[in-house]
Amino acid sequence: MDLAWRQPSLTVKSALAYLGPKSGLAYTTVMTVLNHLVDKGLLTRSRDGRNFVYQAVINRSAFIRGRLAEIRTCLRKNFPSESAEID
């Protein structure tokens with residue numbers, strides 16, 4: 001997600017270039033991760049010629065706020081007697 005937030009339009013090739021050869025990641029590995037993020041609704045994917053272009057659906061701060069809200073809800077559910085301390 002960090003790459004998608006840093007670059008408005010991301011391709012597998014541009015992600016690999018950003019990560020550099022020392023990452024040791026294969027093209028198919030990066031493509032799989034990006035497609036999983038599409039499946040989770042965090043990225044969109046559109047065609048540009050022979051390539052897919054990926055874009056973030058939400059920005060970093062909205063993503064973090066959403067995850068924190070999920071954690072807060074989970075804590076309230078699992079520790080109801082301590083809910084006042086969570087806020």
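Using only Cα atoms, find the angle between the long axis of helix 27-39 and the longest principal axis of the chain, and express it within 0 to 90 degrees, rounded to the nearest 10.
Value to nearest ten degrees: 40.
Show me the three semi-axes of the equivalent ellipsoid for the chain, from the C-alpha gyration tensor (sqrt of 5 times each eigenvalue), largest first, rounded to whole Å.
Those come to 34, 14, 11 Å.
Counting other C-beta atoms within 10 Å, and keeping those with at most 14, which DSSP coil trypsin sites (Lys or Arg not before Pro) do you find in segment 1-67?
For trypsin sites (Lys or Arg not before Pro) across segment 1-67 that sit outside H, G, I, E and B with at most 14 neighbouring Cβ atoms in 10 Å, the list reads Lys40, Arg50.
For Arg45 and Leu25, FRET efficiency with R0 = 22 Å and r from the beta-carbon atoms, rounded to 0.05?
Once the sixth-power term is evaluated, E becomes 0.75.
Using label points projected 7 Å from each Cα along Cα→Cβ, tell me how many nm separate Ile58 and Cys74, to one decimal.
1.5 nm
Only helical DSSP H runs with n ≥ 4 go in: add -39500 (n - 2.57) per run for the chain, normalise by residue count and round the 222 nm mean residue ellipticity to 500 deg cm²/dmol.
Calculated at 222 nm, the ellipticity per residue is -16500 deg cm²/dmol.
A short reminder: the numbers here are calculations on the coordinates, not readings from a lab. Every value quoted in this text rests on a predicted model; they were computed, and no experiment measured them. Using ideal geometry, Cβ is built from the backbone for each residue, glycine included, and neighbour counts are taken over all protein chains shown.
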